[in-house]
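Trainee: The structure's right below; bear with me while I get my questions together.
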Amino acid sequence: MPKENYSIAKSKALLNRYDDVLLRGYIPHKNIFRQADMGYPAFVQRASGARFWDVDGNAYLDYLMGFGPIVLGYDDPVVCRAIQEQVADGTVYGLAHPRELTVAELLIEVIPGAEVVGFFIGGSAATSSAVRLSRVYTGRDRVIMCGYHGWHDWARPGDEGVPQTVSELTCAVPYGNLDALESGLKKYDNQVACVVIETIQAGGPPDGFLQGCVDLAHAHGTVCVFDETKVGFRVAMGGAGEYYGVIPDIATFGKACCNGYAGSFIAGKREILGSKACQSVWMTATAHGDPLSLAAMEVVIGELQRRNGIAYQWKIGNRLIEGINAVCEAGGLSYRLIGVGPMPRPVIEDSDRDRCMAMLRGCLARGYYLHPSHPMFLSLAHTEADIEDTIEAVREAIGRIIRRKKRE
Ligand SMILES: Cc1ncc(COP(=O)(O)O)c(C=O)c1O
């Protein structure tokens, strides 16, 4: 049943204090101001399992999961134990920790095409490292990108604050369009260091797209980088590359690899990453190789394997897609989930936006946090009953919209 007194008043009150003391830009894709305008909560108090509680005390079954990192559950006991043990042993050192080697060896074992690994903090640092390494390896400067790859200068051409000389080196091409990629490679013949492809966007890659990217890049002497930041440890441990059977030169991972800790990594061919040129590139940072992230990563891999976690994400994700699409279709609403089971992407027809938002707000008031547009994420903490309850909540929310319409 809906909470009669559902309110996000405290979230809104906190937002009023935001601009006085905080930079908005550091939360761009989380744009909590826009979310509050849409009736979504802006501030979270705590989270557990697959649920979070906002500052107004409302509980939600979460389908964003931190925009992807939480794959086992917010307070997964195995991760919590590994973190506690590592905290007791220290959180940062001035030397390498042996776990860097054991986790790298583990990643090389489980990710097809991974021969050499490097650890970073955050997806942006991982994708930026892949770009720098490609530049060094090829002796070229230009980058062709496809999708979102983080906030660093090379990945935000044309943005405020990004020097024009840097922007000019990056050219963006549309997803799924090999002709556009080929044109870019031809236009800048012998100048492109790498193509960086966000492997799954919208409904997923058209047939042959990912292999086509690799082949075209290689035909032009360019490094092919798969950005698996959102996709790794979800559609497959090795992301879309593994799922669709295509091996890039370098792949970048973040988010789900550490179940909420900040670590990220790149993995790729020894021929490139093991080359003398790449082995001498400066990518040092105080927190790279973060012991807490490595402790988390080690058990995330183990738990996904032990609990058959990839297959489970597919199973419940596919059921969510099928169930929500069926009730929306039956109720005449355009809200649909497209794409792959572990990270369904919502789409709404513009002409039907108001009714879809009303449905989503109805779900929020009942404790189901479904998003209007961003890919959503499942976790091993979502139960099959949670999924059925969510589908039922969508059905009921549509029913209320229809009844209200009839009364008007
Ligand atoms: C595909 C992709 N690449 C890179 C990034 C950047 O990762 P981060 O936000 O951890 O810096 C993101 C973040 O959403 C992403 O989705």
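Trainee: Inside segment 112-133, can you point out the residues that are more than 17 Å from ILE197 (Cβ to Cβ), within 15 Å of the ligand (Cβ to nearest atom) and among the small types (Gly, Ala, Ser)?
Mentor: GLY122, ALA125
Trainee: Further question on the same structure: Could you tell me whether segment 134-145 includes any residue that is within 15 Å of the ligand (Cβ to nearest atom) and over 21 Å from PRO205 (Cβ atoms)?
Mentor: No, segment 134-145 has no match at all.
Trainee: Could you grab me the full set of residues in segment 225-265 that are within 13 Å of the ligand (Cβ to nearest atom), within 22 Å of ASP207 (Cα to Cα) and of a type in the set (D, E, K, R)?
Mentor: Listed by number, the residues that qualify are ASP227, GLU228, LYS230, ARG234.
Trainee: Moving on. If I ask for residues that are hydrophobic (A, V, I, L, M, F, W, C) and either open to solvent by less than 10 Å² (accessible area, probe 1.4 Å) or touching an Asp or Glu at 6+ places or on another chain (Cβ under 7 Å) (or both), which ones from segment 274-314 would you list?
Mentor: Listed by number, the residues that qualify are CYS278, LEU294, ALA295, ALA296, MET297, VAL300, ILE301, LEU304.
Trainee: Okay, moving on. Between residues in segment 315-335 that are surrounded by fewer than 18 Cβ atoms within 10 Å (Cβ to Cβ) and residues that are in a helix (DSSP H, G or I) and of a type in the set (Asp, Glu), which pairs lie under 7 Å by C-beta distance while being six or more apart or on different chains?
Mentor: Pairs found: SER334/ASP352.
Trainee: Enumerate the helices (runs of 4 or more DSSP H) found wholly within segment 269-341, keeping only those where 3 or more residues are of a type outside the set (Phe, Trp, Tyr) and under 30 Å from PRO206 (Cα atoms).
Mentor: 270-273, 291-306, 309-330
Trainee: Is it the case, given these coordinates, that ALA172 is within 14 Å of the ligand (Cβ to nearest atom), open to solvent by 60 Å² or more (accessible area, probe 1.4 Å), out of contact with any Leu (no Cβ under 7 Å at 6 or more places or on another chain) and in contact (Cβ under 8 Å) with a residue 12 or more places away in the chain?
Mentor: When the stated conditions are applied, ALA172 passes them.
Trainee: Regarding SER134, is this residue closer than 29 Å to ILE27 by Cα, of a type outside the set (Lys, Arg), out of contact with any Cys (no Cβ under 6 Å at 6 or more places or on another chain) and surrounded by 18 or more Cβ atoms within 10 Å (Cβ to Cβ)?
Mentor: no
Trainee: Go through the residues of segment 158-169 one by one and say whether even a single one is more than 12 Å from the ligand (Cβ to nearest atom) and either under 15 Å from ALA251 (Cα atoms) or in contact (Cβ under 8 Å) with a residue 24 or more places away in the chain (or both).
Mentor: Yes, segment 158-169 contains a residue that is more than 12 Å from the ligand (Cβ to nearest atom) and either under 15 Å from ALA251 (Cα atoms) or in contact (Cβ under 8 Å) with a residue 24 or more places away in the chain (or both).
Trainee: Quick one: how many residues across segment 175-192 are closer than 24 Å to PHE253 by Cβ and surrounded by fewer than 16 Cβ atoms within 10 Å (Cβ to Cβ)?
Mentor: Within segment 175-192, residues that are closer than 24 Å to PHE253 by Cβ and surrounded by fewer than 16 Cβ atoms within 10 Å (Cβ to Cβ) number 0.
Trainee: A further question follows. Can you run down the residue pairs with Cβ atoms below 8 Å, 6 or more apart or on separate chains, where the first is in segment 93-111 and in the same structural domain as TYR244 (by TED's automatic domain parsing) and more than 20 Å from ALA287 (Cα to Cα) and the partner is of a type outside the set (Asp, Glu) and open to solvent by 80 Å² or more (accessible area, probe 1.4 Å)?
Mentor: Taking only residues 6 or more apart or on different chains, the pairs are VAL110/GLN305.
Trainee: Exactly one condition in (1) under 30 Å from TYR6 (Cβ atoms); (2) away from the ligand (no atom under 15 Å from the Cβ) is false for GLU109; which is it?
Mentor: Every condition holds for GLU109 apart from (1).
The values are calculated or read from the model by the stated rules, or taken from the named source; none is laboratory data. Just so it is clear, the model here is predicted, and its values are computed rather than measured. Cβ coordinates were reconstructed from backbone atoms using ideal geometry, including for glycine residues, and neighbour counts include every protein chain displayed. Side chains are part of the model used for accessible areas, which takes the heavy atoms of the whole protein and leaves out ligands, DNA and RNA. Shrake-Rupley method; radii C 1.70, N 1.55, O 1.52, S 1.80 Å.
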